Structure formats: structure tokens, C-alpha cells
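One structure is given below, encoded as C-alpha cells.
The values are calculated or read from the model by the stated rules, or taken from the named source; none is laboratory data. It should be emphasised that the depicted structure is a prediction, and the values quoted were computed from it without experimental measurement. Glycine gets a Cβ as well: all are built from the backbone with ideal geometry, and neighbour counts include every protein chain shown.
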Amino acid sequence: MGQLAAAVKGLSLACRALETPVVSGNVSLYNETDGESILPTPTVGMVGLLEDVSRAVPHAFAAEHDVVALFGETRDELGRSEYLATVLGREEGPCPRLDLLAVRSLVDLLCDLAANGVLSSAHDVSDGGLGVALAEAAIPNGLGADLNVETALLPTVYLFSESTPRVVVSFPPGNEKAVLEAARRYGVPTAFLGRVTKGALRLSVSGNVVLDVSVSSLRQASEEAFERMMETKS
């Protein structure tokens, strides 16, 4: 009950920061699966209105040779992450810190760039961190990326930290200056990572290749994930 109340308080603070109204709500404290209680996590459903549908920005990479950039800062924050739970079987550690003013600035930046037709794609970095966000951006259109970053973080941390707020974007070459200037106006840290390519997702950290996987393999893993999960539980 205390965890759920704290989560709802967090939602309230976020709604105020983002000027997002809540019109109704519902909660159940008695949900269980196989005798185990579910996590005390409120579910939020939202509906928005897009005045000009031509300005819609998809989450998937859209065109080969587009520039790939990351908005937001990646920190050493693996606490309560999908990586920690899935790979190491641990649910512990502090959650990533949250700066609601930074969230608002990033949202405003994305709306600005989208309204001006600059972005080809934009995908939030959330569960699973940057590694999962890149895979989700690659799978729909079979477009990967060739990326290279310089960071003091360990590759595992850089790929799977769930620091927030962050968004992976892509845009046509020649728009680098416009994107960087807009990001500076809103105070959003920005890193150019590389280019959209065909067939494979490759990432080098400080000159060392840490990820090199075909998009077809990513798609297969995604399509078979539910079946494998059920096999594991049976």
C-alpha cells in the first residue's frame, strides 16, 4: 500500500510538471498470479490529439544514412533495471534519479523538432536501456545502425543503464547544426552516435566493438520472446 501510494504521488508530481491532466483512475490491491503479488505499479492510459498527422514521428529508423543521436545523459544507474533482473536475477538498488524539469525540457525539444519536420524517428530509452531502444528502433524496417561512442562508463552500463530522460532520434544528414542548436536552447545534452545502416546493429564503445548483431536476429528474438518465456515457466 505504501509503495502504491508513493507511486501515485510521483505520478501527481509528474503531471504537474508536464501539465498533463488526469481525468479518472482505478486501482486494485488484490491482484496475484500463482500466489505471488504483482508489483505495485499504476497503469496509465493516455490519448493525444495530433493536429497535423504529416508531422507524426515514428519510433523506428526510417532511412539509411540518417544521423542517429541521443538526447539526455547516461549515468551509472543499473538499479532496478531489466538487465539486473533478467541477466543477474536481482531486483535491487536505487531507481534512476528523475529530474522532472529535464523531462519537460526534453519533451518541449521533441515537440519543437517534430513540428518543424526535422526528425525521421524518435524513441524513448526506458526498460532495458539504450541497447533495447536501439533494437526496437531497428526491427520494424530492418534498418540497423553503425554507432561509436566515447564514454567512461563500462559498456554494459552504457547499454543497459535506465537513466532518464533519454530519447534516441534520427534525422537526415545536414540537420546536425539545427538539432544541436535546438538542444542547446532547451538545455538538453546531445550526442551524435553514428548513422542508420542496413542489416545490422553495431556499437563501439571507446573504440571497442561491444555489439554487432543482425537485425533479422533481433526480430527473431523479439518474435519468439513470449513463447520462450512460457516454456521457461512451464
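Here are the criteria: (1) loosely packed, with under 15 Cβ neighbours inside 10 Å; (2) free of Cβ contacts under 8 Å to residues at least 60 places away in the same chain. Tell me which single one Ala115 does not satisfy.
The failed condition is (2).
Given the conditions (1) out of contact with any Ser or Thr (no Cβ under 8 Å at 6 or more places or on another chain); (2) among the aliphatic types (A, V, I, L, M); (3) under 23 Å from Leu109 (Cβ atoms); (4) surrounded by fewer than 22 Cβ atoms within 10 Å (Cβ to Cβ), and given that Leu154 satisfies all but one, which numbered condition is not satisfied?
Status for Leu154: all satisfied but (3).
Residue by residue through the stretch 204-218, note down the ones that are loosely packed, with under 15 Cβ neighbours inside 10 Å and assigned to a helix (DSSP H, G or I).
Ser216, Ser217 - these are the residues of the stretch 204-218 that are loosely packed, with under 15 Cβ neighbours inside 10 Å and assigned to a helix (DSSP H, G or I).
Could you identify the single residue in Ser163, Ser126 that is of a type in the set (Ser, Thr, Tyr) and surrounded by fewer than 19 Cβ atoms within 10 Å (Cβ to Cβ)?
Just one listed residue meets the conditions, Ser126.
Look at Ala7 and say whether it is touching a residue at least 60 places away in the same chain (Cβ under 8 Å), surrounded by 11 or more Cβ atoms within 10 Å (Cβ to Cβ) and either out of contact with any strand residue (DSSP E or B) (no Cβ under 6 Å at 6 or more places or on another chain) or under 30 Å from Cys111 (Cα atoms) (or both).
no
Filter the helices (runs of 4 or more DSSP H) completely within the stretch 68-162 down to those with at least 3 residues that are under 12 Å from the mean Cα position of the chain (by Cα) and modelled with pLDDT of 95 or more.
Here the list reads 129-138.
For Leu39, work out the one condition from (1) in a loop (DSSP other than H, G, I, E, B); (2) within 19 Å of the chain's Cα centre (by Cα) it doesn't fulfil.
(2)
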